[in-house]
Amino acid sequence: MSRTLRLDPVLIQAVIAGALSFAHLHDLAAAAGQDGWKAWAYPVSVDLLLVAAWRRMRTDTENRDAWLWFAIALVASLGANVATAGLLDLNDVPPWLRILVAGWPALAFLGGTLLAHAPAPAEVPEPPEPAEVDPVPEVTVERTPDPAPELPPAEPAPEHEAPPAAPPAPAVSVPPALLDHAQKIANAHQARTGAPIDTATLRSHLGVPPALADAITLQLT
């Protein structure tokens with residue numbers, strides 16, 4: 001089966017830009033004293049480090065090392081392109097540039113090793129799919145209402161209530177002076193204890209017979 005080859009303008013542009021950058025890096029390396037196959041290895045090293053850093057940034061956006069090495073490779077590529085644009089005499093390369101070109105392989109090796117052995121971001125496991133459960137049939141439970149409790153018959157209300165019986169009149173007459181004295185004793189007892197005085201206590205204070213003490217108590221209340 002034949003396949004139609006489609007030319008993508010973006011891909012063509014990328015190939016042209018990559019070729020030009022590759023040539024600039026080669027020319028700069030050759031001008032810095034790296035002849036033969038070594039001059040061709042420099043652009044490969046720079047571009048591979050750039051791609052490796054970019055791929056690490058795509059998989060782990062929070063990896064600072066990937067951003068650092070991407071910036072280093074990008075500066076190396078842009079520096080070579082700018083240097084070969086007529087701003088630098090390739091026939092008389094300064095010593096500092098020769099030092100940078102000579103030290104690039106070690107720097108690129110370090111960056112590639114760190115990017116290759118960087119820990120991969122932890123993948124969040126997808127939650128398991130819930131198991132299919134057969135629907136439970138609806139069951140309607142009818143409850144018989146409980147019978148209302150029987151109330152006891154109401155007692156008939158009394159037609160009228162008899163008034164409380166009045167206390168019986170004392171059978172023994174109490175002298176007014178004794179009654180006044182008993183009243184003082186009762187008041188003092190109630191102020192001291194907070195309760196009215198009883199017959200036995202009143203009798204012990206007055207020294208009177210039980211019948212007379214009962215009559216005095218009735219009159220005090």
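The values are calculated or read from the model by the stated rules, or taken from the named source; none is laboratory data. A quick note: this is a predicted structure, and the numbers were derived from the prediction, not measured. Here the Cβ is made from the backbone with ideal geometry for all residues, glycine too, and neighbour counts use every protein chain on show. We work out accessible area using only protein heavy atoms, side chains counted, and drop any ligands, DNA or RNA first. Shrake-Rupley method; radii C 1.70, N 1.55, O 1.52, S 1.80 Å.
If only residues of the stretch 187-215 that are among the charged types (D, E, K, R) and at pLDDT 80 or above are counted, the one that is nearest to Ser173 (Cα to Cα) is Asp214.
Starting from residues that are assigned to a helix (DSSP H, G or I) and closer than 18 Å to Gly33 by Cβ, keep the ones in the stretch 50-95 and report whichever is most open to solvent (accessible area, probe 1.4 Å).
Filtering the stretch 50-95 for residues assigned to a helix (DSSP H, G or I) gives 50-59, 64-87, 95.
Cutting the leftovers down to closer than 18 Å to Gly33 by Cβ gives us 76, 79-80, 83-84, 95.
On the way: Ala76: 29, Gly79: 36, Ala80: 1, Ala83: 18, Thr84: 35, Pro95: 94 Å².
The extreme case among them is Pro95.
Counting only residues that are surrounded by fewer than 20 Cβ atoms within 10 Å (Cβ to Cβ) and either closer than 14 Å to Thr84 by Cβ or aliphatic (A, V, I, L, M) (or both), the stretch 27-49 holds 6 of them.
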